[in-house]
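Participant: Take this structure, written in structure tokens, and hold onto it; I'll ask about it next.
The values are calculated or read from the model by the stated rules, or taken from the named source; none is laboratory data. In this text the structure is predicted, and so the values were computed from the model without any measurement. Glycine gets a Cβ as well: all are built from the backbone with ideal geometry, and neighbour counts include every protein chain shown.
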């Protein structure tokens with residue numbers, strides 16, 4: 001048992017503060033100070049209960065448990081894995097870190113377009129523990145992609161993006177399941193044909209073409225009853241929005257930002273900013289947590 005990793009323990013004169021944005025003040029006594037020190041480092045439950053029987057200690061533990069500040073699970077078997085640091089991050093949420101990790105490892109996502117946003121999202125979802133991917137793209141890697149599409153290397157120029165992505169994913173996590181579709185999405189019928197019999201938890205729309213691809217994807221998601229997230233980036237701003245099934249069902253009028261004029265100018269940092277926001281929304285939505293665009297489209301303006 002131990003205090004959750006993100007919590008601070010700050011002794012200050014007569015009190016010891018335990019918390020982060022919100023916290024608890026305890027009297028700065030020798031026994032409470034020793035207890036909190038042990039809890040910060042971690043202590044076996046059996047050792048703890050043999051060592052501490054004081055009613056004050058029991059009260060402190062009761063208060064910490066009520067605030068959900070104590071964790072009882074151990075991550076030893078994950079310590080030398082790629083995902084070990086994720087578990088400490090998940091301690092901010094409910095249920096347990098191991099349950100959240102397992103939840104993400106079982107989801108299946110579809111990414112349309114593996115360019116500056118889609119490719120970067122793919123990398124972040126892999127790092128979060130997602131293992132099942134359906135990838136849709138018909139493009140080959142070109143030299144001008146490499147200023148913002150960091151998944152690709154010079155030696156990948158001329159190869160199909162989805163083939164490079166498959167190799168990248170399998171090198172990162174050989175347990176992954178990947179389906180590739182070298183397809184050009186023209187309308188909702190293309191998507192419904194591809195995904196009609198596929199179990200998908202979310203569709204991630206990052207394609208540029210055709211100009212109305214966001215609207216067509218929304219219509220497909222409405223038919224398939226699957227949530228979607230879409231986003232884009234320009235010179236001065238980027239945007240994104242995640243729509244759950246309930247929002248999609250209630251949508252009577254298509255109100256999507258479509259790509260009527262995609263500028264040639266594109267920069268690595270701006271693509272990465274929007275991709276990071278979107279990956280954050282995807283993972284936290286799938287975990288059942290709050291996410292940035294829950295209440296509407298987010299627009300990020302870039303300083304000039």
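Participant: So which residues in region 99-118 are over 12 Å from residue 207 (Cβ atoms) and either out of contact with any helix residue (DSSP H, G or I) (no Cβ under 7 Å at 6 or more places or on another chain) or free of Cβ contacts under 8 Å to residues at least 24 places away in the same chain (or both), if there are any at all?
Facilitator: Once the filter is applied, which keeps residues that are over 12 Å from residue 207 (Cβ atoms) and either out of contact with any helix residue (DSSP H, G or I) (no Cβ under 7 Å at 6 or more places or on another chain) or free of Cβ contacts under 8 Å to residues at least 24 places away in the same chain (or both), region 99-118 yields 99, 102, 105, 106, 108.
Participant: If a residue must be within 24 Å of residue 92 (Cβ to Cβ) and not in a strand (DSSP E or B), how many such residues does region 1-28 contain?
Facilitator: Number of matching residues: 8.
Participant: While we're looking at this one, here's another question. Can residue 176 be described as in contact with a strand residue (DSSP E or B) (Cβ under 8 Å, 6 or more places away or on another chain), over 18 Å from residue 262 (Cβ atoms) and surrounded by fewer than 22 Cβ atoms within 10 Å (Cβ to Cβ)?
Facilitator: It is true that residue 176 is in contact with a strand residue (DSSP E or B) (Cβ under 8 Å, 6 or more places away or on another chain), over 18 Å from residue 262 (Cβ atoms) and surrounded by fewer than 22 Cβ atoms within 10 Å (Cβ to Cβ).
Participant: Determine, yes or no, whether residue 114 is over 14 Å from the mean Cα position of the chain (by Cα), in a loop (DSSP other than H, G, I, E, B), buried (at least 21 other Cβ atoms within 10 Å of the Cβ) and assigned by TED's automatic domain parsing to the domain that holds residue 275.
Facilitator: yes
Participant: Looking only at residues in region 22-36 that are closer than 22 Å to residue 72 by Cα and out of contact with any strand residue (DSSP E or B) (no Cβ under 6 Å at 6 or more places or on another chain), which one is modelled with the lowest pLDDT?
Facilitator: Once the filter is applied, the top-ranked residue is 22.
Participant: Quick one: which residue in 109, 9, 18, 71 is within 30 Å of residue 145 (Cα to Cα) and modelled with pLDDT of 95 or more?
Facilitator: 109
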